[in-house]
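**Q** Dropping the structure in here first, questions after.
The values are calculated or read from the model by the stated rules, or taken from the named source; none is laboratory data. Just so you know, these numbers come straight off a predicted model, no measurement behind them. Note that we place each Cβ from the backbone using ideal geometry, even for glycine, and neighbour counts take in every protein chain shown.
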Amino acid sequence: MLKVKDLMTPDVLTLAPNTSVREAAELLATEHVSGAPVVRLGKIIGMVSSRDLLEFIAALPADPDAVSGGLEHGILDDHTVEEAMTRGPLTTIEPDAPASKAAELMHGENIHRLPVVDGGRIVGIISTTDLVKVVAQRKLSYRTFVFPQ
């Protein structure tokens with residue numbers, strides 16, 4: 001049986017809650033990921049996705065001084081990830097859980113990534129992309145039996 005630890009990304013991009021919205025957006029773009037856990041003292045306190053950031057930015061008032069003055073520092077530097085993140089309780093999964101359980105959780109919760117937690121500490125992350133890869137490789141599937149075994 002395929003387990004979460006077999007699919008997860010162990011080197012997780014995490015963000016501190018005081019990371020600016022601008023820096024978070026730049027990191028997600030640079031690292032080619034669509035979201036990341038927000039961690040304080042080794043514990044996950046939230047998740048931030050590119051969608052969270054876009055919705056937060058769209059709700060901000062315009063800052064005409066920063067825009068018209070061509071200043072490097074702007075309104076995105078004045079706000080933090082903690083303001084934009086999705087807060088708990090967060091759905092997480094353990095590394096020894098079946099990969100199918102991760103798929104069920106993501107589908108049921110309508111989320112695209114799950115932090116993998118062992119003993120309260122983040123040890124990885126599994127995303128819908130990870131699951132799609134193993135489905136395409138035919139490593140994860142369901143069997144339906146018409147007749148009892």
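**Q** Being assigned to a helix (DSSP H, G or I) and farther than 20 Å from Lys139 by Cβ is the filter here, so list the residues in the stretch 84-105 that pass it.
**A** Ala84
**Q** Moving to a separate point now. Please determine whether any residue of the stretch 117-137 is acidic (Asp, Glu), over 13 Å from the mean Cα position of the chain (by Cα), closer than 20 Å to Thr14 by Cβ and at pLDDT 90 or above.
**A** The answer is yes; a qualifying residue exists.
**Q** Within the stretch 36-58, is there a residue that is acidic (Asp, Glu), within 30 Å of Ala136 (Cβ to Cβ) and either over 15 Å from the mean Cα position of the chain (by Cα) or crowded, with 16+ Cβ neighbours inside 10 Å (or both)?
**A** Scanning the stretch 36-58, I find at least one residue that is acidic (Asp, Glu), within 30 Å of Ala136 (Cβ to Cβ) and either over 15 Å from the mean Cα position of the chain (by Cα) or crowded, with 16+ Cβ neighbours inside 10 Å (or both), so the answer is yes.
**Q** Something else: With respect to Pro61, is the statement that it is modelled with pLDDT under 90, over 15 Å from the mean Cα position of the chain (by Cα) and outside any helix (DSSP H, G or I) true?
**A** Yes: the conditions hold for Pro61.
**Q** Filter the stretch 17-34 for residues that are surrounded by 15 or more Cβ atoms within 10 Å (Cβ to Cβ), out of contact with any helix residue (DSSP H, G or I) (no Cβ under 7 Å at 6 or more places or on another chain) and not in a helix (DSSP H, G or I) and give the result.
**A** Within the stretch 17-34, just Val33 meets the criteria.
**Q** Yes or no: Asp6 touching a strand residue (DSSP E or B) at 6+ places or on another chain (Cβ under 9 Å) and under 22 Å from Ile93 (Cβ atoms)?
**A** no
**Q** Mind listing whichever residues of the stretch 106-131 are acidic (Asp, Glu) and either assigned to a strand (DSSP E or B) or surrounded by 13 or more Cβ atoms within 10 Å (Cβ to Cβ) (or both)?
**A** The answer is Asp118, Asp130.
**Q** When residues of the stretch 90-105 are filtered for being within 16 Å of Thr129 (Cα to Cα) and surrounded by fewer than 16 Cβ atoms within 10 Å (Cβ to Cβ), how many remain?
**A** Looking only at that region, the number is 2.
**Q** Does the stretch 1-16 hold any residues that are in a loop (DSSP other than H, G, I, E, B) and closer than 23 Å to Met106 by Cβ, and which are they?
**A** Met1, Leu2, Met8, Pro10, Asp11, Val12, Leu13, Thr14
**Q** How about the stretch 1-22: which of its residues are farther than 22 Å from Gln137 by Cβ and either without any contact (Cβ under 8 Å) to a residue 24 or more places away in the chain or among the polar types (S, T, N, Q) (or both)?
**A** Leu13, Thr14, Asn18, Thr19, Ser20 - these are the residues of the stretch 1-22 that are farther than 22 Å from Gln137 by Cβ and either without any contact (Cβ under 8 Å) to a residue 24 or more places away in the chain or among the polar types (S, T, N, Q) (or both).
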